[in-house]
Every structure is written in C-alpha cells, then in structure tokens.
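The values are calculated or read from the model by the stated rules, or taken from the named source; none is laboratory data. Every value quoted in this text rests on a predicted model; they were computed, and no experiment measured them. We place every Cβ from the backbone using ideal geometry, glycine too, and count neighbours over all the protein chains shown.
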Amino acid sequence: MKRTFLALAVLGLLAGCGRDGGGNTPAAPAANAEFQKTLQQRLLDAKTGEVIEIPAGRYAFDRSLSLRVNGVTIRGAGKDKTVLSFKGQKSGAEGLIVNADNFTLENLAIEDSKGDGLKVNEGENIIIRGVRVEWTNGPDTDNGAYGLYPVQSKNVLIEDSVVIGASDAGIYVGQSQNIVVRRNRAERNVAGIEIENCIGADVHDNVATENTGGILVFNMPDLPQPGHTTRVFNNNIFKNNTDNFGRKGTAVASVPAGSGVVIMSNDDVEIFGNEVSDNKTANVIIASHYSAGYEGKYKPAPTFDPYPERIYVHDNKFSGGGDSPDGLELKALKLAMFGLGGHLPDVMWDGYVNTKRTEGPQICIQGASGVINADGPNKNKNPKSDAAPFNCKLEPLPPVTLQLG
C-alpha cells in the first residue's frame with residue numbers, strides 16, 4: 001500500500017501542467033482523482049505509529065478526508081509546497097476531520113475547504129505544526145468558519161502555522177485543557193486566535209494582524225466546560241481593523257472591528273509582554289456576556305458566570321489605537337469623552353460587576369495609557385476614564401506544561 005501511494009503521488013507531480021502562484025507543480029486531474037481515493041484509503045487503513053507522507057505538489061479534493069486511528073502522523077513537504085485544495089469540494093464540511101489521540105499534522109497547506117480546514121474532536125496529545133490554512137479569496141462570510149479547530153481535546157500544541165480568511169476564528173481551541181499556541185500568524189480572519197471555554201492555555205509569540213479581533217479569550221454559556229487560566233504574552237497584535245465578516249448570529253459577529261485583545265466572561269487571564277498597537281476600537285477590551293448582544297440567542301446554565309474576573313494586564317507595549325471605534329455607540333462614547341481628535345484609552349471595560357461578590361472583579365491594569373469604564377449596565381450614560389481603581393497587581397499565572405508523550 002505504501003509503495004502504491006508514493007507511486008501515485010510521484011505520477012501526479014510528473015503529470016502536472018503549469019505552476020500555481022506558489023511555484024508548485026499541480027497534479028493532473030486524473031492523477032488527482034486517484035490520489036484522493038488512495039490518500040483516504042491510506043487514512044482508513046492506517047496503523048498506530050504510522051507516518052503518512054505527502055510529497056510536494058498541489059492536490060485537489062472534492063470531499064472531506066477523515067482519520068480515526070490513534071498515533072498517526074500526516075506530513076507534507078512544507079506549508080507552501082504540499083497543498084491540499086478543497087476548492088471544488090462537493091461532500092463533507094471539513095478539509096480534514098480527526099477523531100484520534102496522539103495525532104500530528106505538519107508541513108502542509110489546506111486551502112478553500114467548504115467548512116473548517118482541520119477539525120480535531122475529542123483528541124489527546126495533538127500536535128499541529130507548520131500548517132497553513134487559507135481561503136484564497138480573502139475575507140468572505142461564505143468561507144469556512146475555523147482554520148485550525150481542536151475541540152474537547154487535551155494536550156494541544158499549535159505552532160509555526162498560518163491561517164488566513166476564516167469567517168469565525170483562524171486558530172480556535174475550544175473546551176480543551178493544556179494548550180500551547182505559539183509562533184503562529186493569523187491574518188484576515190474575523191478572530192485571529194480564539195481560546196474559548198478552555199482550562200490552561202498559553203498563547204505566545206504569535207502575530208495577529210488585519211483580523212477583526214486579534215486574540216480572543218471567551219467563555220460562552222452553552223458549552224459544558226467553563227474556561228479559566230489563560231496567559232497571552234509576547235505576541236505582536238496590530239492593525240486588527242478588518243470589517244467583521246462573521247456570519248450573523250455567531251458569537252464573533254459581535255466583535256467590533258479594531259479590537260486587539262478581547263476577554264469576555266473568562267476568569268484568571270494574564271496579558272503581558274505583548275506589543276499591541278493601532279487597533280482602532282481599543283487595544284484591549286474586557287467585557288461580560290451582557291455586552292455581546294446574545295440575549296435570547298443562548299440559554300445560560302444556572303452555573304454560568306458571565307463576568308470577567310481576576311484579569312491582569314501588565315508590562316505590555318501599547319501604541320496608537322482607539323481613534324476610530326466600530327459602531328455608533330462607541331463612536332459617540334469616544335466623541336463625548338475625548339473629542340473629535342481624541343481616542344479611547346488602551347483598555348476598555350464594559351463595567352458589569354457581579355454585585356454578589358464582595359471582592360469585586362479584580363481587574364488590574366499596569367502600564368496602559370488609561371482605562372475607561374464604559375458603564376454598560378446603564379447603557380453608557382455615565383462612563384468614567386479613571387485608571388486608579390485598576391491600579392493593583394495579581395499573582396502571575398502558572399505556565400502550561402504539555403504532556404505529549
């Protein structure tokens with residue numbers, strides 16, 4: 001089976017006619033059709049410990065690929081050399097869907113899938129390395145929702161990857177535990193990188209630019225696991241000003257264009273050591289579920305906590321931003337408080353507080369140009385620009401330790 005697989009791959013490369021924009025030789029249509037069948041069969045027949053290598057080339061697929069065997073590695077020749085194109089996809093949603101443990105995907109590209117690029121569901125010990133997921137037509141509501149999408153998984157590493165054009169989140173990790181997202185680039189997505197309802201995540205040394213929102217740390221009410229303990233550090237988060245092209249009714253459709261870091265309803269979040277600049281609404285937004293406009297769309301469980309608490313923003317380098325906020329309410333807020341030529345301060349908090357907790361929200365801000373309390377509970381009638389209530393410190397959060405053995 002391995003010999004046949006490699007022979008077909010080489011046949012596809014030799015039979016190519018012309019080159020794509022990246023300089024790769026595309027496989028001929030007949031060879032592509034056979035390659036698709038052979039690759040899917042190889043995934044179905046895979047054994048634990050097997051490495052499936054895909055040579056350089058552009059390969060077209062009209063249906064999803066799937067893997068359900070533990071301990072498999074899929075490896076290409078490089079994220080700009082081995083390209084799996086789903087532009088003509090007729091069947092399935094994802095490019096590749098994986099329900100397996102000890103899975104590695106590396107050094108290839110997934111382009112133009114009908115739905116998510118890569119989805120990993122209920123996996124443990126997941127490595128995604130050197131992968132590019134892209135919708136080549138640019139930002140579009142009809143693009144797939146998620147680029148790299150591990151969900152309900154444990155011990156997840158995403159590194160050295162690129163995601164462009166997702167209509168929800170480029171890199172999304174949801175309802176998972178023990179996560180490291182590092183050295184990636186997310187651009188022209190609605191959300192560049194999103195950590196949602198996760199426990200224990202380190203997001204560092206990434207670049208997030210030209211998204212609607214750069215890096216999001218969310219808790220949603222209709223998911224089984226509440227999230228907490230996320231560190232966002234040493235990232236470059238700049239010019240995330242792309243108009244929101246998320247599908248109406250989705251959570252990210254409410255994210256204002258021009259958002260650098262957005263924390264919503266999550267607890268124990270530490271934002272430090274980042275360069276955050278030129279995000280036109282605000283460099284950092286801290287908000288509750290009540291500011292997202294979800295009333296009537298979700299039925300929160302009685303145990304859901306909508307308030308962000310124990311948020312520590314410190315030792316970041318901020319510049320620019322806040323000069324042209326998205327939406328009439330925020331524009332009016334900026335104009336009323338800072339004038340036509342002014343700008344919102346680096347950090348904006350919606351002002352919602354759990355009055356049943358005597359210790360308060362414990363939002364601590366160090367080293368920002370200022371903090372605005374938008375007074376969301378009173379429909380922004382009495383906003384305050386006063387950093388003094390936020391002049392505090394919290395204990396640093398522990399680093400994430402992955403156990404990928």
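General observations
- Look at (1) closer than 20 Å to S254 by Cα; (2) over 15 Å from the mean Cα position of the chain (by Cα); (3) surrounded by 24 or more Cβ atoms within 10 Å (Cβ to Cβ) and you find that G144 fails only one, number (2).
- Taking residues in segment 247-274 that are free of Cβ contacts under 8 Å to residues at least 24 places away in the same chain and closer than 21 Å to P399 by Cα, and partners anywhere that are assigned to a strand (DSSP E or B) and among the polar types (S, T, N, Q), not one pair has Cβ atoms closer than 6 Å while being at least 6 places apart or on different chains.
- Flag if I74 is more than 21 Å from the chain's Cα centre (by Cα), surrounded by 24 or more Cβ atoms within 10 Å (Cβ to Cβ) and aliphatic (A, V, I, L, M): yes
- Residue within segment 157-164 that is aliphatic (A, V, I, L, M), touching a residue at least 40 places away in the same chain (Cβ under 8 Å) and over 22 Å from D112 (Cβ atoms) present: yes
Rundown of residues vs (1) in a helix (DSSP H, G or I); (2) closer than 22 Å to A257 by Cβ; (3) small (G, A, S); (4) in contact (Cβ under 8 Å) with a residue 12 or more places away in the chain, yes/no style:
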{"site": "F318", "(1), (2), (3), (4)": "no, yes, no, yes"}
{"site": "E329", "(1), (2), (3), (4)": "yes, yes, no, yes"}
{"site": "M337", "(1), (2), (3), (4)": "yes, yes, no, yes"}
{"site": "G341", "(1), (2), (3), (4)": "no, yes, yes, no"}
{"site": "P361", "(1), (2), (3), (4)": "no, no, no, yes"}
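- Segment 80-108 - residue that is within 21 Å of N143 (Cβ to Cβ) and of a type in the set (D, E, K, R) and, of those, modelled with the lowest pLDDT: K90
- The single residue among V131, V151, V232 that is touching a Ser or Thr at 6+ places or on another chain (Cβ under 8 Å), surrounded by 24 or more Cβ atoms within 10 Å (Cβ to Cβ) and among the β-branched types (V, I, T) turns out to be V131.
- In segment 222-239, the residues that are farther than 16 Å from K317 by Cα, touching a Gly at 6+ places or on another chain (Cβ under 8 Å) and either basic (K, R) or in a loop (DSSP other than H, G, I, E, B) (or both): L223
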